[in-house]
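In what follows, a structure is listed as structure tokens, so that the remarks can point back to it.
The values are calculated or read from the model by the stated rules, or taken from the named source; none is laboratory data. What you see is a predicted model; the values in this text were computed from it and never measured. All Cβ positions, glycine included, derive from the backbone under ideal geometry; neighbour counts span all protein chains shown.
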Amino acid sequence: MKATPTHAAAAEEFLKDEERSHWHDDTLWHVRSKRDVAAQKIPEWESLRTTASQIKDNVLSNLDQLLLQFEKNAIENGIEVLWAKDADEHNQHVLRILEENQVKNLVKSKSILTEECGLNHFLEDKGYDVVDTDLGERIIQFNKQVPSHIVMPAIHLKKKEIGDIFHEHLGTDAGADDPAYLTEAARQHLRQKFIQAKAAITGVNFGIAETGGFVVCTNEGNADMGTHLADLHIACMGIEKLIPRAADLGVFLRLLARSATGQSITNYTSHFHRPRPGKKMYLILVDNGRTNQLGREDFRNSLKCIRCGACMNTCPIYRRSSGFSYGSTVPGPIGSILSPGMDLKKHSSLPFASTLCGSCTDVCPVKINIHEQLYKWRQVITKEGPSQPSKKWAMRFGGNVMSKPKLFDMMGNLARKSLSISPRGFVYNSFNAWGKHRELPEVPKESFKEWYRKNRKQ
Ligand code: SF4
């Protein structure tokens with residue numbers, strides 16, 4: 001089996017196109033700025049974040065009870081509830097439901113969980129026509145890609161590229177890249193798919209234990225269109241997506257859209273409680289590693305995530321290297337603390353794909369201490385083995401130098417002397433990617449310690 005490239009190796013590929021990397025950086029920063037404006041308009045923003053964080057703490061501490069309450073209420077509402085311990089069991093449930101109901105065509109609204117479970121490929125291999133109806137998801141489905149962002153799945157593509165994809169798959173005019181024209185073409189195309197589909201699959205943003213109902217947020221109304229037209233609705237939900245009461249919902253809805261895109265609220269916030277007469281509704285509750293994460297004291301609060309994407313939009317590494325560099329369903333800072341819990345060896349480079357600047361933690365609407373968890377994962381990875389030997393050696397060497405003052409002074413002296421007499425190519429060469437875009441500051445003649453000793457009396 002082909003080894004997964006490290007984040008650095010995958011990022012190098014993306015960074016070969018410097019113009020795209022800058023454009024990607026600017027685009028995401030624009031979204032981050034819109035988030036800031038939206039947050040600053042709410043005077044109680046920080047207390048909302050604190051409340052959301054505390055509600056989620058409560059959920060994680062009482063997850064077993066709340067899940068049972070949620071299941072009981074959902075069943076009483078007439079929803080068939082299924083449990084899936086992993087991705088395979090989830091996919092098998094969906095397959096069985098489709099077989100029992102003799103459905104071959106289905107539409108899907110955006111669901112990171114079904115991406116995580118690889119549902120599309122699983123069903124397509126078995127001859128099902130699965131149509132993603134979120135515009136960004138449909139674009140990348142045409143382009144045979146996975147989402148590069150959890151809220152804006154096609155954010156890595158430019159208008160012109162989308163125009164070319166639509167020309168190939170939908171027959172739009174060659175070279176046309178007007179967003180209104182392309183969106184209208186997608187609307188006409190998807191309308192047919194909605195009409196033909198017999199089943200609609202959605203994700204779940206919030207499950208409400210108190211009522212057994214759940215909420216799906218979209219900006220395009222595609223979840224509503226799909227579920228209203230189809231005979232059966234299959235909702236797939238990670239077990240951490242619970243909130244205790246309907247009254248808690250307002251806290252999260254106010255935070256979610258503002259953090260994600262700077263909107264006050266998502267265009268469609270749809271509440272589902274029971275199947276309509278003559279129709280069926282299924283709810284699949286998926287674990288897939290979540291209880292393991294819940295059991296890791298240092299990392300359990302990563303399960304508070306409401307998937308707003310704000311930590312990606314602000315992360316200098318994500319913005320410059322794109323979501324594909326992470327090789328995981330959820331990229332960016334939150335993906336880098338969730339994915340090692342799923343497969344430590346495969347994702348061992350991700351916690352190192354961070355400057356630890358803490359901006360992700362600052363913007364997170366549920367106050368997950370993301371940068372601290374990135375740092376903790378680094379410690380676990382270094383201790384448990386899968387980090388690169390060269391990195392381990394360098395860290396051991398650095399630790400040794402820094403823990404011995406005399407050695408530290410000596411090495412500093414040596415570095416200053418050798419840097420001031422070395423030819424430029426010694427530092428700026430093809431082995432030193434760091435130096436490609438940066439200049440070292442001028443090398444001082446003495447260390448700070450030496451300067452301080454001389455000057456402290458003055
Ligand atoms: S970790 Fe926080 S900021 Fe990142 S996607 Fe989740 S909720 Fe949003």
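A few comments on the model shown:
- Odd one out for ALA38, checked against (1) outside any helix (DSSP H, G or I); (2) among the small types (Gly, Ala, Ser); (3) touching a Lys or Arg at 6+ places or on another chain (Cβ under 6 Å): (1)
- Test: residue in the range 271-289 that is over 30 Å from ASN101 (Cα atoms), away from the ligand (no atom under 13 Å from the Cβ) and either aliphatic (A, V, I, L, M) or without any contact (Cβ under 8 Å) to a residue 60 or more places away in the chain (or both): no
- Of the residues THR51, THR4, the single one that is outside any helix (DSSP H, G or I) and buried (at least 16 other Cβ atoms within 10 Å of the Cβ) is THR4.
- Hits in the range 294-314 - residues which are more than 9 Å from the ligand (Cβ to nearest atom) and either within 23 Å of ALA10 (Cβ to Cβ) or not in a helix (DSSP H, G or I) (or both): GLY295, ARG296, GLU297, ASP298, PHE299
- Any chance LEU255 is within 16 Å of the ligand (Cβ to nearest atom) and either surrounded by 22 or more Cβ atoms within 10 Å (Cβ to Cβ) or within 27 Å of HIS30 (Cα to Cα) (or both): yes
- In summary, GLN188 fulfils each of the numbered conditions (1) in contact (Cβ under 8 Å) with a residue 12 or more places away in the chain; (2) surrounded by fewer than 15 Cβ atoms within 10 Å (Cβ to Cβ) with the single exception of condition (1).
- Here the condition is being surrounded by 24 or more Cβ atoms within 10 Å (Cβ to Cβ) and modelled with pLDDT of 95 or more; of LEU283, LEU294, LEU356, LEU303, it holds for LEU283 alone.
- Considering ARG438, ARG416, the condition of being out of contact with any Phe, Trp or Tyr (no Cβ under 7 Å at 6 or more places or on another chain) and not in a helix (DSSP H, G or I) is satisfied by ARG438 alone.
- Residue tally, condition assigned to a strand (DSSP E or B), crowded, with 24+ Cβ neighbours inside 10 Å and not hydroxyl-bearing (Ser, Thr, Tyr), over the range 191-215: 6
- Flag if MET411 is assigned to a helix (DSSP H, G or I), exposed (fewer than 12 other Cβ atoms within 10 Å of the Cβ) and in contact with a helix residue (DSSP H, G or I) (Cβ under 9 Å, 6 or more places away or on another chain): no
- Residue in the range 79-89 that is farther than 24 Å from GLY295 by Cβ and either not polar (S, T, N, Q) or not in a strand (DSSP E or B) (or both) present: yes
- Just one of the listed residues (PRO153, PRO147, PRO179) is within 16 Å of the ligand (Cβ to nearest atom) and without any contact (Cβ under 8 Å) to a residue 60 or more places away in the chain, namely PRO153.
- The C-beta contact set for the range 350-366 (first residue farther than 22 Å from THR329 by Cβ, second residue within 14 Å of the ligand (Cβ to nearest atom) and aliphatic (A, V, I, L, M), distance under 9 angstrom, 6+ apart or interchain) comprises THR355/ILE317; LEU356/LEU374; GLY358/ILE370.
- Within the range 321-356, the residues that satisfy the criterion of being in a helix (DSSP H, G or I), under 22 Å from GLY295 (Cα atoms) and more than 11 Å from the ligand (Cβ to nearest atom) are SER339, PRO340, GLY341, MET342, LEU350, PRO351.
- Within the range 357-406, restricting attention to residues that are in contact with a Ser or Thr (Cβ under 7 Å, 6 or more places away or on another chain) and basic (Lys, Arg), the residue that is farthest from the ligand (Cβ to nearest atom) is LYS392.
- The residue pairs whose first member lies in the range 195-218 and is assigned by TED's automatic domain parsing to the domain that holds GLU115, whose second member is modelled with pLDDT under 95 and assigned to a strand (DSSP E or B), and whose beta carbons are closer than 8 Å, counting only pairs six or more residues apart or on different chains, are GLN196/ASN105; ALA197/ASN105; LYS198/ASN105; ALA199/ASN105.
Residue-by-condition table, conditions (1) hydroxyl-bearing (Ser, Thr, Tyr); (2) in a loop (DSSP other than H, G, I, E, B); (3) within 28 Å of GLY289 (Cα to Cα):
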position	(1), (2), (3)
THR114	yes, no, yes
GLY127	no, yes, no
ILE140	no, no, yes
GLN145	no, yes, yes
SER148	yes, yes, yes
MET152	no, yes, yes
HIS156	no, yes, no
GLU161	no, no, no
ILE165	no, no, no
